[in-house]
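One structure below.
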Amino acid sequence: MSTPKVTLYFDLLSPFSYVAFHILKNCPIFSKCNITYTPILLRDLFTKCQNTPPIAVKNKSTWINKERLYWSRRLKLPMCETPPAGFPFPTTEVQSILLVLGERYPGELASVVERLYRGLWGEGDSRIVTTDGVMGVLEEVFGGEGAGEIIEASKEPETKLRLTENTQRAFDTGAFGLPWFECVNACGEKECFWGVDHLPRVVEFLGLERGDSSWGF
């Protein structure tokens, strides 16, 4: 028997990835899991799947806005009432930065992602996911020189290639949207799930104790 594993494929562009990240990071049910946060490009995933972006589907954008605010209330998670300015915006630069961060400083990735999600979807400040905005967050953790090195590495063509490979990996496991969970249970069996509302099935598949019912699982 081995430790249950969860890979969360995410893009800061997705508010439901924000909700999923918050649950995996903070819910005691997942405390005994090995969790990997893997940045991808949601727009590229949609292209691979020939999937129409949700906000381009009539009535769906209204539903999405109501649903993310529902999860905000349920989990007491800060969430801006209206989407951040410029949404949907390109995230290649920030996702590339997070890829480099995860490769070089995996122990710091979750705290930085949390800060960016809170700024973007919690406070509605889209400036935080620009290169300058991320630089400010990184400087607090690594100092100016360390932050600069991460930013410069994120601009290398090989970094975008690895980000594309992450997106392809998610697609190959069946992903068509985010959040996408790739799970391996204690018996080594693998299964994938889509969406925050499928987290109870993730818990069931991984054989986790449900524990505190306030999370709804």
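When you go through Ala147, Ala170 one by one, which is the residue that is within 22 Å of Cys49 (Cα to Cα), open to solvent by less than 10 Å² (accessible area, probe 1.4 Å), assigned to a helix (DSSP H, G or I) and modelled with pLDDT of 95 or more? It would help to see each step written out before you state the result.
Values: Ala147 fails: within 22 Å of Cys49 (Cα to Cα).
Exactly one of Ala147, Ala170 is within 22 Å of Cys49 (Cα to Cα), open to solvent by less than 10 Å² (accessible area, probe 1.4 Å), assigned to a helix (DSSP H, G or I) and modelled with pLDDT of 95 or more, namely Ala170.
Summed over the stretch 77-108, the residues that are under 26 Å from Trp215 (Cβ atoms), open to solvent by less than 10 Å² (accessible area, probe 1.4 Å) and either of a type in the set (Val, Ile, Thr) or in a helix (DSSP H, G or I) (or both) give a count of 1.
Check whether at least one residue in the stretch 7-26 is part of a helix (DSSP H, G or I) and open to solvent by 40 Å² or more (accessible area, probe 1.4 Å), and report yes or no.
Kept after step one, since they are part of a helix (DSSP H, G or I), are these residues of the stretch 7-26: 15-26.
With the extra rule that they be open to solvent by 40 Å² or more (accessible area, probe 1.4 Å), the set shrinks to 25-26.
Yes: one or more hits.
Test of understanding: among Glu191, Glu165, Glu182, Glu204, which residue is part of a strand (DSSP E or B) and surrounded by fewer than 17 Cβ atoms within 10 Å (Cβ to Cβ)? Lay out the reasoning, then the answer.
Values: Glu165 fails: part of a strand (DSSP E or B); Glu182 fails: surrounded by fewer than 17 Cβ atoms within 10 Å (Cβ to Cβ); Glu204 fails: part of a strand (DSSP E or B).
After ruling out the rest, the residue left standing is Glu191.
Report, by residue number, each residue of the stretch 150-162 that is part of a helix (DSSP H, G or I) and either open to solvent by less than 90 Å² (accessible area, probe 1.4 Å) or under 11 Å from Val100 (Cβ atoms) (or both). Can you show your working first?
Of the stretch 150-162, the ones part of a helix (DSSP H, G or I) are 150-154, 157-162.
Matches in the stretch 150-162: Ile150, Ile151, Glu152, Ala153, Ser154, Glu158, Thr159, Lys160, Arg162.
Cβ separations smaller than 6 Å between residues 6+ apart or across chains give the following pairs from the stretch 89-100 residues that are under 17 Å from Trp121 (Cβ atoms) to residues that are among the acidic types (Asp, Glu) and open to solvent by less than 10 Å² (accessible area, probe 1.4 Å): Thr91/Asp11.
The values are calculated or read from the model by the stated rules, or taken from the named source; none is laboratory data. Every value quoted in this text rests on a predicted model; they were computed, and no experiment measured them. Virtual Cβ from ideal backbone geometry, glycine too; neighbours counted across all protein chains shown. Each accessible area value is taken on the protein alone, full model and side chains, heavy atoms only, with ligands, DNA and RNA left out. Shrake-Rupley method; radii C 1.70, N 1.55, O 1.52, S 1.80 Å.
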